[in-house]
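What follows is a short report on a single structure.
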């Protein structure tokens, strides 16, 4: 019985050793132009279409909001399909431009103050796995070209 167990063990180790060496051998032919190794993608990247919406409190002690600038993270791809709603749900007239990873929302009405705005980023392509999406927000007020930092918005990835 012990001899059989020893033979089985030796045979299994020999099989593993021979299989591993043949699997790990490499080509040494230098005539090939490209040698590609380790072409594995892990985990698989899958994009999902989501909607990111957040509220922005506009204080009353400003001249009026003229622009909202949103720096988007590298983990998302945004479209120009953006809606801005007033606190009462009424749609606000805006002009949107998307330049690389920056969204500029230009408000047609320049008297926006003392309200809460709901910004809806529609049709956002986001990785289904990975880090959270963090947007940085900046604002310009009427009569000034200075970008004022407003804050950040974080959306969890699910």
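Derivation of every value follows stated rules applied to the coordinates shown; laboratory data play no part. Since the model is a prediction, treat every value here as computed from it, not as a measurement. We place every Cβ from the backbone using ideal geometry, glycine too, and count neighbours over all the protein chains shown.
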Selection count where residues are assigned to a loop (DSSP other than H, G, I, E, B) and in contact (Cβ under 8 Å) with a residue 12 or more places away in the chain, scope segment 62-88: 13
Every residue from segment 99-126 that is within 15 Å of residue 73 (Cβ to Cβ) and surrounded by 17 or more Cβ atoms within 10 Å (Cβ to Cβ): 103, 121, 124, 126
Meets criteria (touching a residue at least 40 places away in the same chain (Cβ under 8 Å) and on the phi > 0 side of the Ramachandran plot) for residue 57: no
Failed criterion for residue 95 (all others in (1) over 20 Å from the mean Cα position of the chain (by Cα); (2) touching a residue at least 24 places away in the same chain (Cβ under 8 Å); (3) on the phi < 0 side of the Ramachandran plot hold): (2)
First in segment 98-113 and touching a residue at least 40 places away in the same chain (Cβ under 8 Å) and on the phi < 0 side of the Ramachandran plot, second anywhere and surrounded by fewer than 14 Cβ atoms within 10 Å (Cβ to Cβ) and part of a strand (DSSP E or B), Cβ under 7 Å, 6 or more apart: 106/95
Any hit, segment 130-152, residues being surrounded by 13 or more Cβ atoms within 10 Å (Cβ to Cβ), within 14 Å of the chain's Cα centre (by Cα) and closer than 18 Å to residue 59 by Cβ: no
Selection within segment 134-149 - assigned to a strand (DSSP E or B), touching a residue at least 12 places away in the same chain (Cβ under 8 Å) and more than 13 Å from residue 103 (Cβ to Cβ): 134, 140, 141, 149
